[in-house]
1. Provide the solvent-accessible area of residue 161, counting protein heavy atoms only and rolling a 1.4 Å probe, rounded to the nearest 10 Å².
2. I want to make sure I understand the PRE zone here: with the label point 7 angstrom from the Cα of residue 30 toward its beta carbon, which residues in the range 190-221 have backbone N atoms less than 17 Å away?
3. Using a simple charge model, +1 on the beta-carbon of Lys and Arg, -1 on the beta-carbon of Asp and Glu, nothing else, what dipole does the chain show about its Cα centre, in debye to the nearest 20?
4. Out of these labelled values of mean projected area of the Cα convex hull in nm², (1) 14.0; (2) 13.2; (3) 11.8, which was calculated from the coordinates shown here?
5. What FRET efficiency do you get for residue 212 and residue 242 if R0 is 35 Å and r is their Cβ-Cβ distance, rounded to the nearest 0.05?
6. Dipole size in debye (nearest 20) for the range 97-209 around its Cα centre, Lys and Arg Cβ +1, Asp and Glu Cβ -1?
7. Using θ = phi - 60° and the Karplus relation 6.51 cos²θ - 1.76 cosθ + 1.60, list the HN-Hα couplings for the range 58-67 in order, rounded to whole Hz, with x at every Gly or Pro.
8. Count the net charge of all other residues whose Cβ sits under 12 Å from the Cβ of residue 149, scoring Lys and Arg as +1 and Asp and Glu as -1.
Amino acid sequence: MTKILSPEELEEELRAIGAAQYHDKHPFHKLLHGGKLNKGQVQAWALNRYCYQSAVPRKDAALMSRCHDRELRREWIHRITDHDGEGPEEGGIERWLVLTDGLGLDRDYVVSRKGALPETVFAVEAYVNFVREKTLVEAVASSLTELFAPSIHKERISGMLENYDFISDDVMAYFKRRLTQAPRDANFALEYCKQNARTPEAQQGVLDALRFKTHVLWAQLDALYLAYVDPGMIPPGAFVPDAA
């Protein structure tokens, strides 16, 4: 990138990345939302996705630990409590565990991450390390997949409730809450990037950060597809649906 984009142009470029690369287009999601997976495959998805959900507060704490801007910390801290919970609010991680409970998975086993695919763990930790090591504006930009999350949550809620008799309304609480949380968080992060990426290099970093995050999400679904759909190569030590 050799020229400075206007804030509006930068947003347009970011939204174009999401339109082209967000993981709603992955074949695994098409199968999941369309009722084409069996219960064991849905269990594998929920178990592996827990690794990502449980890493979000660690990622956000890593970002805050580097931030000297008190106002940014004040805004960002609710992301941690949104997932970990605070007081009577159970938090997103607990709501995800309600989902895995409802799918018949042992909670201690899910939390241990022992059955997670190695590719899942690798991708998730790469995301945490990215936020820890890159510039602050790049770290913020990596969260911008939230711009595109509400549509996939809506599709997931309706598709899974309609197509799976082992999915009930109460276990979909995580996704329902994110319908309001994700847009709030994404709008703040978008404005922060538009105001603080003020050089061509910084703007390129913001765009690349979003691309990186789409790769993190896509890689997790690639691993699920290869292990549990086709060709069914479950690595040693990973969750085996029939064994569960």
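The values are calculated or read from the model by the stated rules, or taken from the named source; none is laboratory data. Keep in mind that this is a model prediction, so the values were computed, not measured. Cβ placement follows ideal geometry from the backbone for every residue including glycine, while neighbour counts extend to all protein chains displayed. Side chains included, ligands, DNA and RNA excluded: accessible areas come from the protein's heavy atoms. Shrake-Rupley method; radii C 1.70, N 1.55, O 1.52, S 1.80 Å.
1. Residue 161 exposes around 60 Å² with every protein chain in place.
2. 218-219, 221
3. 260
4. Matching the structure shown: (2).
5. So the FRET efficiency works out to roughly 0.50.
6. 320
7. Once rounded to whole Hz, the list reads 5, 4, 5, 5, 4, 5, 5, 5, 9, 9.
8. Summing Lys and Arg as +1 and Asp and Glu as -1 gives +2.
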